[in-house]
Structure formats: structure tokens, C-alpha cells
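> Please find one structure pasted underneath; my questions will follow.
The values are calculated or read from the model by the stated rules, or taken from the named source; none is laboratory data. All values reported here derive from a predicted model rather than from experimental measurement. No Cβ is skipped: glycine too gets one built from the backbone with ideal geometry, and neighbour counts run over all protein chains shown. When the accessible area is computed, the model is the full protein with side chains, heavy atoms only, and any ligands, DNA or RNA have been set aside. Shrake-Rupley method; radii C 1.70, N 1.55, O 1.52, S 1.80 Å.
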Amino acid sequence: MKTLPKKCNFLETEKKWQQKWEEMGVYRFDWNDHSRPIFTIDTPPPYPSGDFHMGNALNHTYFDTFARYKRMRGYNVLFPQGFDCHGLPTEVETEEHYNIKKTDLTPEEFTKLCNQFVDKYIDIMRTAIKRLGCSIDWTTEYQTRNPDYWRKTQLSFIILHKKGYIYQGTHPINWCPRCETAIADAEVEHKPKQGQLHHIKFQLEDGKAVTIATTRPELLSSCVSVAVHPDDKRYQKYVGKAIQVPTTNRTVKIITDELVDPKFGTGIVMICTYGDKADVKSVKTRKLPVIMSIDEAGRMTENAGKYADLTVQEAKKAILTDLKKQGLLEKSEPLQQEVGQCWRCKTPIEILERKQWFMKTLKLTPKVEKTANEIAWYPDYMKARLIDWARSLDWDWVISRQRVFATPIPIWYCKECGEIILAQEDWVPIDPRKEPPKTDKCPKCAAEEFAPETDVLDTWFDSSISCAVHAGWPDRQDWQKRFPADVHPSGTDIIRTWAYYLMVRHLALFNQTPYKSCLINGMVLGTDGRMMHKSLGNYVATPEVFSKYGADAPRQWAAAGGTTGSDIPFRWPDVEYGWRFQIKLWNAARFASLALKDYTSREKTQLQLLDRWLLSKLERATVIAAAALEKCQFNTAIEEIRNFTWHQFCDQYIEAIKHRLYNPKTYSEEKRKAAQYTLYTAIYRILQLLAPIIPHLTEELYQLMYAEDKKHKSIHTSPWPEPDEAIIDDEAERYGDLAVAVIGEIRREKAEKSIPLNTQIKTLTIHAGSKKSAHIVNQALEDIQGTCKIQKITVMPRKGEGREVQDYPNVRFITTY
Ligand SMILES: [Zn+2]
Ligand SMILES: [Zn+2]
């Protein structure tokens with residue numbers, strides 16, 4: 001074996017392997033392989049935000065580790081990579097950067113600017129994913145903004161439309177007045193906010209007044225009823241009476257409604273179209289009229305009378321001033337409330353009614369629940385998040401957006417009769433905003449003029465077919481072979497979007513679960529344990545970590561940071577520990593490379609007690625690590641292997657065989673060979689066990705030390721070690737444990753007495769405490785003597801005086817120097 005250099009430049013080595021792996025095609029999925037079982041990963045296509053943060057590093061480490069493990073297990077692993085390009089974040093960034101609104105430019109010009117951001121950010125994300133050492137098959141890369149992906153998204157729309165899952169309707173929806181688009185429930189963030197509760201006097205017909213508390217006086221013009229709780233005795237006498245709505249000329253009826261909280265304000269509330277979701281429910285069940293006072297840009301409509309054209313905030317102010325003047329504003333008091341806001345621009349959302357496209361998702365809830373219970377979750381308790389979310393939904397999924405940078409909805413309308421023309425399956429990809437339907441006449445009225453649907457699709461409508469797309473749908477005949485995906489990785493924060501939308505889309509399209517298991521990562525907390533955020537000063541950017549420590553060390557932090565699914569803080573000391581472990585591993589391998597210079601024989605030699613002790617422990621570690629990796633318990637796996645390597649192998653075993661390696665004349669060539677065999681075998685095994693988590697350094701060591709012998713192209717395509725029961729040897733482990741404990745104690749004594757480790761000990765007398773212990777110590781006598789440099793050693797079977805050996809209270813020894 002060649003001798004390793006003294007030091008390894010980890011950063012250079014990582015870069016080298018990232019490039020070589022790509023050249024060697026180590027991670028290519030073989031589409032034509034019919035022999036190996038297939039393992040597919042539904043890599044979530046990241047949003048090109050330009051920020052590959054530590055949370056991304058965590059989840060990519062999880063599923064890359066799983067991919068590497070499965071590859072070594074003999075699977076033909078499909079590990080694809082896409083980018084989810086469309087959507088609000090890029091549009092908002094473009095608007096802010098150029099200080100424009102989407103309507104200031106033509107859609108083509110606006111899209112062009114969006115594409116520039118996406119180009120730049122995809123480059124950053126791709127580089128970061130490569131730098132983390134992810135074993136992706138880059139020949140699979142796709143981008144959802146490309147026409148070829150549009151084709152798939154639009155095709156799925158057409159199929160769902162034909163199956164009756166898609167409909168157009170006028171329903172209340174969440175609306176962002178800044179982005180001027182509908183948004184889904186999953187895109188509404190609920191944030192606590194300090195607001196004002198205004199107590200406003202409403203006049204009854206008989207001239208008396210009642211006070212109604214509201215946070216939204218600007219919705220007075222949308223007030224369609226006033227409600228009290230049916231059991232609220234205070235107000236029974238008013239039920240059924242008419243009441244004048246201030247600032248308007250309208251009267252409305254006082255009704256009872258179970259949804260009213262008698263403890264809120266005065267216990268009488270306005271029902272407006274729409275203040276919140278409770279209003280939506282009341283309006284629907286009571287069949288109340290709808291009066292929209294707020295338009296799509298967040299300005300008051302004509303329904304607001306003299307307040308028309310004011311913004312919501314301006315209207316609120318003006319109305320309060322008027323109410324005060326008229327003596328109708330009793331008081332205003334502070335109120336802690338929860339406000340729904342746009343996930344992207346943080347503007348408070350409104351509930352508006354507008355014609356939109358919907359997907360029937362509510363009726364799928366029982367199926368979602370059933371499927372969630374059937375598949376595997378890592379960790380198991382996370383399935384409740386998906387089920388609870390599905391059950392909590394009140395509305396179908398609104399899939400149309402009034403935006404630009406997105407997949408077009410493949411629909412036209414007949415200008416004459418309004419008939420909907422749905423694109424045929426072979427028309428897509430198509431942009432109705434630019435192209436007419438490929439038909440001459442309206443099928444209903446034979447008119448020849450059509451208007452395009454100008455709304456576009458929600459970004460989630462693109463990305464929620466990834467499981468089928470990765471498998472090869474709709475182009476590869478045999479796509480079902482790679483479907484459902486074996487694992488879908490998700491974060492605790494995106495179960496309600498990613499895991500959920502995938503589930504409903506694939507259930508509706510194919511009546512099948514999209515994934516067989518769901519691997520969940522928690523959030524990465526800041527260095528101080530709080531949420532990581534730039535404003536809190538606890539934010540760590542991945543380039544900072546990568547340029548200092550490369551990828552293998554932060555990957556160890558990610559794997560070891562906590563149980564799968566739990567939130568873990570970013571800790572520099574954990575990354576540094578990983579780095580030190582790599583140095584330790586390099587030094588041990590270098591030591592071995594020197595000791596194995598002349599080692600050619602692969603025959604098994606007569607193994608000594610400590611050789612058998614080590615190999616048995618290693619076999620056990622193999623079993624534990626494999627069981628943990630099977631269940632995505634990455635922290636258990638890495639801790640087991642690192643502890644074994646650092647302590648048993650480096651600190652104990654290597655120290656205890658040096659005498660055999662260096663003095664074959666004294667201890668016999670045979671015993672040197674046994675130590676060589678054990679070193680050679682153990683390091684190879686350690687590298688294999690570590691390879692899924694520490695891919696670069698293990699590859700470097702494999703190539704330098706073993707590639708010539710083992711003949712695998714890469715350690716990452718070497719077969720995962722099958723544990724050999726025969727090697728597990730309880731007696732050798734028990735005996736070896738005592739032997740290394742004695743050696744360790746003697747070395748500690750030397751250290752405490754400040755005696756150099758290589759100083760000769762004149763005599764060592766061991767009081768073994770029992771015949772049995774004496775027998776064990778005698779088995780390892782030569783190793784103890786050789787390792788600790790003892791001239792004369794005596795073992796007494798009885799209890800006696802001396803320094804106690806840690807964990808063996810009956811074993812004591814006396815040394816003389
Ligand atoms: Zn917004
Ligand atoms: Zn027509």
C-alpha cells in the first residue's frame with residue numbers, strides 16, 4: 001500500500017471529488033437496468049431564492065445520506081434535481097428591484113426580468129447543492145419554467161379537468177391587495193398584531209342605540225347583517241329587528257348566529273362581506289347578500305359611497321373621523337389580534353369574491369387521511385401534521401393566480417357565448433395569451449373568435465406533480481416502475497404545502513399515493529437556539545461554513561444534530577468536532593498506510609484477542625448503523641461509527657498493536673500479520689460505514705488505499721457490508737474490554753505522574769480479584785506488557801492493593817519504575 005501524505009487539504013479534496021464524480025458518472029440513474037431494484041427520491045425542486053441556507057443544508061444532508069446508503073445497498077437510485085421557478089417571490093423581487101408593478105410592462109418584458117433573477121439564483125443554488133456533495137444525477141435536471149415542464153403541468157390540468165376535479169367558480173378567496181392575486185390558505189400566514197377595537201353606536205328603528213365593537217369600521221358599507229349568540233339573553237329582544245348601519249343609508253336585520261362569541265366586544269357583531277372566514281360561513285348558511293367594498297388593489301369600491309377610491313387604511317381613518325363627528329364612536333381600545341397576511345409580501349390579506357379556478361381538494365380529505373396512515377413517516381408522529389391540515393381546510397384549493405410569471409391556464413372562452421374551450425392533450429405546451437385554440441369554431445355556437453384565459457396557475461400546481469414527473473410521466477411508457485417515489489423529503493414547515501399538494505394531485509390524477517414514505521427535517525435554529533434570522537444576529541450563511549470547513553464537517557453536524565424531525569440549532573463547535581474527527585481519521589489511515597506498506601497477503605491469519613475484540617465490536621457497530629440508516633435515524637448512525645472509530649479504534653486498538661507492528665522479531669511475524677489484517681479490514685469497513693455521511697474524505701481514502709484491491713469504481717458504489725454473525729464474539733469483547741481498561745489505566749497513571757508514555761515500567765503486579773479475571777488478563781499479557789513497556793509483569797488471582805482499574809473495581813495494580 002502506498003503511504004498517505006502527512007496532511008490532507010480537505011477543501012481541495014472535496015472540490016476534486018465533486019468534479020470527478022460528475023465525470024465518472026457515479027450517481028447516474030440507469031434507466032435501462034432491469035436487474036437492480038429501484039429506489040427513487042422525490043427531491044423537492046427548491047425555489048431559486050438565491051439563498052441556500054443551513055436549513056437546506058440539513059434537509060439535503062438527510063436525503064443525500066439516505067440516497068448514498070441505498071446506492072451501496074445495491075439499489076439503482078434515482079436522485080433527480082429540479083428547480084421550481086415560477087411564483088410570487090420572484091415577481092415581488094422583480095417589482096421591488098426595478099420599482100415597478102407587473103402592469104407597468106408587457107407580460108413578455110416582465111417575464112424577461114423575472115427570468116434574469118431565476119437564472120442568477122439557480123446558478124447559486126446549483127453550486128451550493130454540488131458543494132454540499134449531493135449525489136444527484138444532474139442529467140435529470142429540469143426547470144418548471146421551461147415549455148417542456150409547462151406541457152406536463154398543463155397536461156395534468158387537462159386530465160383533472162376532464163375528470164371533474166377542476167371547476168371555475170365565484171367564491172370567497174384569500175386575496176393579497178399588494179400582489180393583486182388570489183392566494184391559497186397555505187400561503188396565508190397568521191401573525192399576532194396590535195390593533196384597535198372600535199365601539200360604534202348603531203341606531204335601532206325605535207331610536208334606541210346598541211353598541212357594536214369592530215376592528216374594521218371600513219367594512220361598514222359591506223355590513224349585511226348584525227348578529228348575536230342565540231343564548232345571549234341580553235339581546236333576545238332585538239332579534240329580528242332592523243338596525244341602521246352608520247355611514248350608509250341601509251338597514252340590516254339582527255339575527256342569531258352560533259358563531260358569535262358573546263364575550264367579544266359587546267357581544268353584538270357585524271357580519272360583513274368579508275371580514276373573516278366566520279363571515280363567509282354565516283353569509284353562506286344564511287344566504288345573505290354580498291356587498292364588496294374593497295377592490296383587487298385594496299381600494300374602496302363605489303359601494304363604499306363617499307369613501308370610494310380611498311385605500312383601506314385611508315377609509316378606516318376617514319370613517320372613524322366621521323363617526324366621531326356624528327357622536328357614534330363610543331370609544332377605541334387596543335386589541336391583540338391575529339391577522340392573516342400574504343406569505344410573500346406580508347400585506348394583510350382581504351377576503352374577496354372573484355371568479356377563480358379551483359381544484360376539488362376537500363372531497364379528497366378522507367383519502368388523504370387514509371393514505372397518510374398507510375405510508376411510512378420518519379418520524380412517525382409527523383403524519384398527524386398532514387392529516388390535521390387536510391381536516392382543517394374549509395375551502396377547495398384556488399389554483400388560479402392573477403399574475404404573470406407562471407404556467408398559463410390552457411383555456412379560452414368563446415367571445416360570443418362564453419363557452420369554455422379546454423386545450424386538447426396534444427396542444428400543450430401552449431400559452432393562450434399568445435396563441436388561439438387550435439380549433440376553428442366554438443363547439444356550441446360556431447363563433448370564430450376567442451378570448452384567452454389571462455389568469456395563470458399557482459406555482460404549487462407546477463411542483464405538485466414531481467413524483468410522477470421524476471418517474472418519467474408522461475413520456476416514458478414504464479414510468480409506473482418508478483412510481484410512487486420511495487421517499488419524499490419534506491420540512492416541518494412545508495408538510496401543509498408540499499406533502500399535501502403532492503398527495504391531492506397524485507390521488508386525483510392516478511388514484512395512487514405519490515410517495516411510499518415521508519422523511520421530515522426540523523428547522524435549523526440560530527447559534528443561540530432561537531429561530532435563525534438575519535435580524536437576530538444569529539444567522540449563519542452556508543458559504544461561510546463551506547469556505548471554512550467544506551461539506552463533510554457540516555454534514556456531520558446535520559446528521560448528528562438531533563433526532564430526525566426535531567429542530568436543531570446550528571453549532572460551530574459541532575462542525576469543528578466533525579473537522580477534528582476527519583483529521584483523526586486521516587491520521588489513523590496514514591498510520592495504517594505506513595504499517596501496511598508490505599501488506600499483500602489477504603489470507604486470514606491467527607487473530608489475537610484484541611484483533612477479535614475490535615472486529616467483533618466493529619461488526620456490532622455495522623449492525624447498529626445499518627438499522628439506524630434504514631429508519632433515517634442519522635444521529636444514531638453517525639454517533640455509533642464516530643465513537644467506535646475515535647475511541648475503540650484510534651485510542652485503544654491502534655495503541656495496543658504498535659509493539660506487534662514494530663517488533664515482529666520479539667512478538668512474531670504471525671502476530672504482526674494479524675494486526676495488519678485487522679487494520680486493513682477495519683479501516684475499509686469504517687470508510688464504508690461513514691461514506692453516506694462523509695462522502696468526500698471517505699472517497700479520497702478509499703481511492704488511495706483500497707481502490708486497487710477492491711476494484712470498485714468508487715466507495716459509493718461499493719456494496720454495503722453484510723454483517724457476519726460469526727465474527728461477533730462475546731467472549732473476545734468481554735476479555736478485550738478488560739485488557740484495554742488495564743492498558744488505559746496504566747497510561748493514565750503515567751500521565752498523572754508526568755512520566756513519558758514510553759518510559760519503561762520495571763515491575764507491574766496485577767491483583768486480578770478472581771481466577772477468572774486473572775485468566776483474562778493472562779490472555780492479553782503480551783499486549784499489556786508490550787504496549788505499556790513493562791519489564792516484568794506478575795498476575796495474582798486474588799484481591800489486593802493498588803490502583804483501581806476504571807469500571808473494574810476488583811482489578812488493581814502496582815507499578816515500580
Ligand atoms: Zn402579497
Ligand atoms: Zn360560442
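> So what's the angle, to the nearest 10 degrees on a 0 to 90 scale, between helix 572-595 and the longest Cα principal axis of the chain?
30
> In whole Å, what is the distance between the alpha-carbon centres of the stretch 352-393 and the stretch 654-732?
49
> Next question, about the same structure. Just going by the charge dipole of the chain, with Lys and Arg at +1 and Asp and Glu at -1 on Cβ, which of 352, 155, 503 is farthest out on the positive end?
The one lying farthest along the dipole's positive direction is 503.
> Calculate, for the stretch 364-470, the solvent-accessible area per residue in square angstrom, rolling a 1.4 angstrom probe over the heavy atoms of the protein chains.
Normalised by residue count, the accessible surface of the stretch 364-470 is 42 Å².
> With axes computed from alpha carbons, what is the tilt in degrees of helix 312-325 against the longest principal axis of the chain, rounded to the nearest 10 within 0 to 90?
Roughly 50 degrees, rounded to the nearest 10.
> Relative to the longest principal axis of the C-alpha atoms of the chain, give the angle of the C-alpha long axis of helix 365-374, reported between 0 and 90° and rounded to the nearest 10°.
Roughly 0 degrees, rounded to the nearest 10.
> Same structure again: For the chain, what does -39500 (n - 2.57) per DSSP helix run (n ≥ 4), summed and divided by total residues, give at 222 nm, in deg cm²/dmol to the nearest 500?
One gets -12000 deg cm²/dmol as the mean residue ellipticity at 222 nm.
> Let me ask something else about it. I need the phi-derived Karplus couplings for the stretch 561-570: 6.51 cos²θ - 1.76 cosθ + 1.60, θ = phi - 60°, integer Hz, Gly and Pro marked x.
Couplings: x, x, 5, 4, x, 8, 6, 10, x, 7 Hz.
> Shifting gears a bit: What nm distance separates the two modelled labels at residue 426 and residue 801, each placed 7 Å from Cα along Cα→Cβ?
Here the answer is 10.2 nm between the modelled labels.
> Could you work out how far apart the two model spin labels at residue 337 and residue 380 are, taking each label as a point 7 Å from the Cα in the direction of the beta carbon, and quote it in nm?
Reported label-point gap for residue 337 and residue 380 is 4.4 nm.
> Still on this structure, I have one more. Tell me the carbon and sulfur percent of the accessible area for the chain, rounded to whole percent, probe radius 1.4 Å.
Carbon-and-sulfur percentage of accessible area, whole number: 50.
> What are the residues whose amide H is under 5 Å from the amide H of residue 520, where those residues sit 5 or more places off or on another chain and H is modelled from the backbone?
378, 490
> Run through the stretch 468-504 and list the chymotrypsin sites (Phe, Trp or Tyr not before Pro) located in a DSSP loop whose Cβ has at most 10 other Cβ atoms within 10 Å.
none
> Still on this structure, I have one more. Dimensions of the stretch 44-199 along principal axes (Cα, Å, largest first)?
67, 43, 38
> Does the stretch 716-805 come out rounded, prolate or oblate, given a ≥ b ≥ c as the square roots of the eigenvalues of its C-alpha gyration tensor, rounded meaning a/c under 1.5 and, failing that, prolate meaning a/b above b/c?
Since a/c reaches 1.5 but b/c is at least a/b, the shape of the stretch 716-805 is classed as oblate.
> Find the relative contact order for the chain and round it to a whole percent, using C-alpha pairs within less than 8 Å whose residues are 6+ positions apart.
Relative contact order of the chain: 14 percent.
> I need the shape label for the stretch 476-624. Rule: rounded when a/c is under 1.5, else prolate if a/b > b/c, else oblate, with a, b, c from the alpha carbon gyration tensor.
oblate
> Follow-up. Enter the accessible area per residue of the stretch 220-296 (Å², integer; probe 1.4 Å; all protein chains in place).
49
> Which whole number in µm²/s is D for the stretch 348-436 by Stokes-Einstein, with the Kirkwood Rh taken over Cα pairs at 25 °C and 0.890 mPa s?
148
> Where nothing but the Cβ of Lys and Arg (+1) and of Asp and Glu (-1) is charged, how large is the charge dipole of the stretch 459-572 around its Cα centre, in debye to the nearest 20?
60
> At residue 665 and residue 239, where each label point lies 7 Å from the Cα along Cα→Cβ, what is the point-to-point distance in nanometres?
Taking the simple label geometry, residue 665 and residue 239 are separated by 10.9 nm.
> Scan around residue 531 for amide H atoms under 5 Å from its own, H built in the peptide plane at 1.01 Å from N, and keep only partners 5 or more places away or cross-chain.
526
> Given axes a ≥ b ≥ c from the Cα gyration tensor, I'd like to know whether the chain is rounded (a/c under 1.5), prolate (a/b larger than b/c) or oblate.
Prolate, because a/c is 1.5 or more and a/b exceeds b/c.
> Could you derive backbone 3J(HN,Hα) for the stretch 206-218 from the dihedral phi with the Karplus parameters 6.51, -1.76 and 1.60 (θ = phi - 60°), listing whole Hz in sequence and x where the residue is Gly or Pro?
7, x, 6, 10, 10, 9, 10, 9, 8, 8, 10, x, 5
> Towards the positive end of the charge dipole of the stretch 188-330, with charges on Cβ (+1 Lys, Arg; -1 Asp, Glu), say which of 224, 235, 254 has the farthest Cα.
Positive-most Cα among the choices belongs to 235.
> Place a +1 charge on the Cβ of each Lys and Arg in the chain and a -1 charge on the Cβ of each Asp and Glu, then give the dipole magnitude about the Cα centre in debye, rounded to the nearest 20.
1960
> For the stretch 686-701, in order, what is each residue's ³J(HN,Hα) by Karplus, 6.51 cos²θ - 1.76 cosθ + 1.60 with θ = phi - 60°, in whole Hz (x at glycine and Pro)?
Values per residue, Gly and Pro as x: 4, 4, 5, 5, 7, 3, x, 9, 10, x, 6, 5, 5, 5, 4, 5 Hz.
> Okay, moving on. Working out 0.36 nm times the residue gap between residue 730 and residue 34, then minus their Cα-Cα distance, what length gain in nm do you get to one decimal?
This chain segment gains 246.4 nm when fully extended.
> Run through every distinct alpha carbon pair of the stretch 109-152 and return the Kirkwood hydrodynamic radius in angstroms, one decimal place.
Kirkwood radius, the stretch 109-152: 12.0 Å.
> What residues qualify as long-range amide H neighbours of residue 171, i.e. H under 5 Å apart, gap of 5 or more or another chain, H built at 1.01 Å from N?
The answer is 354, 356.
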